[in-house]
Amino acid sequence: KQEVTQIPAALSVPEGENLVLNCSFTDSAIYNLQWFRQDPGKGLTSLLLIQSSQREQTSGRLNASLDKSSGRSTLYIAASQPGDSATYLCAVPSGSARQLTFGSGTQLTVLP
Amino acid sequence: DVKVTQSSRYLVKRTGEKVFLECVQDMDHENMFWYRQDPGLGLRLIYFSYDVKMKEKGDIPEGYSVSREKKERFSLILESASTNQTSMYLCASSPIPHQETQYFGPGTRLLVL
């Protein structure tokens, strides 16, 4: 059964820092990997989706990389801002590929 | 933009009540999902549906049922609510599951007293 782990569980950084969030998964036979953002009490918003054939995806200040062979993905946030404060979750397809298995998330706080 | 809406943001029910949570998506997606999210346990899949009148159990279906009579609407039913079903419930939809992302609704925070 696919398991997804995110480290660290929480992270606090001063504004302007570059930071990396980590995601690891146990079964490397994945179609893709996704990163989501969740604000307190809200639903999830998709940030980046990396297909299995890709090594990385970029959107603005966000860059996600995928190394299937090692079962790892990283989300790099450049020049962090207080508005980036949220919980970040990674997810991979599992089972019949109709469902996602989520990590438990990294709660990011960017201090002004 | 894809829009997934959930019927209530907050809901308070009593133990033993029958509870309906409704989810509607406006993008003609084939697949719809119900998750619950709890601190320390993350998101867990309750049920999903890949077509009208079709459903499959997720990881934690006990105590829940679902209904999908129309493509755009997926309902989660708690037949007899219990306090351990107090949680945040999230609905999502997607087209082809392994090629596209899932789009989430805003969530329903359910409190069972």
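The values are calculated or read from the model by the stated rules, or taken from the named source; none is laboratory data. All values derive from a computational prediction rather than experimental measurement. Glycine gets a Cβ as well: all are built from the backbone with ideal geometry, and neighbour counts include every protein chain shown. Only protein heavy atoms, including side chains, enter the accessible area calculation; ligands, DNA and RNA are left aside. Shrake-Rupley method; radii C 1.70, N 1.55, O 1.52, S 1.80 Å.
Structure data summary
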| read-out | value |
| --- | --- |
| Estimated translational D of the protein assembly as shown in µm²/s (Stokes, Kirkwood radius over Cα pairs; 25 °C; 0.890 mPa s) | 137 |
| Assigned charges on the beta-carbon of Lys, Arg, Asp, Glu; chain B dipole about Cα centre (debye) | 400 |
| Trypsin sites (Lys or Arg not before Pro) within the range A:16-112, DSSP loop, no more than 13 other Cβ atoms inside 10 Å | A:Arg55, A:Arg61 |
| Under-5 Å amide H pairs with A:Ser104, H placed in peptide plane, nonlocal only | A:Gln6 |
| Globularity ratio of chain B, using Cα Rg and 2.2 N^0.38 Å | 0.99 |
| Chain A: proportion of alpha-carbon pairs further apart than 17 angstrom, % | 50 |
| Hypothetical label at B:Val52: residues of the range B:72-92 whose amide nitrogen lies under 11 Å (7 Å Cα-Cβ projection) | B:72-73 |
| Where Cα atoms sit under 13 Å apart: lysine pairs in the protein assembly as shown separated by 8 or more or lying on different chains | 4 |
| Top of B:Leu90, B:Leu11, B:Leu41 by mean-square fluctuation, Gaussian network on chain B, Cα under 10 Å | B:Leu41 |
| Solvent-accessible area lost in complex, 50 Å² minimum, residues of the range B:40-56 relative to chain alone, 1.4 Å | B:Leu43 |
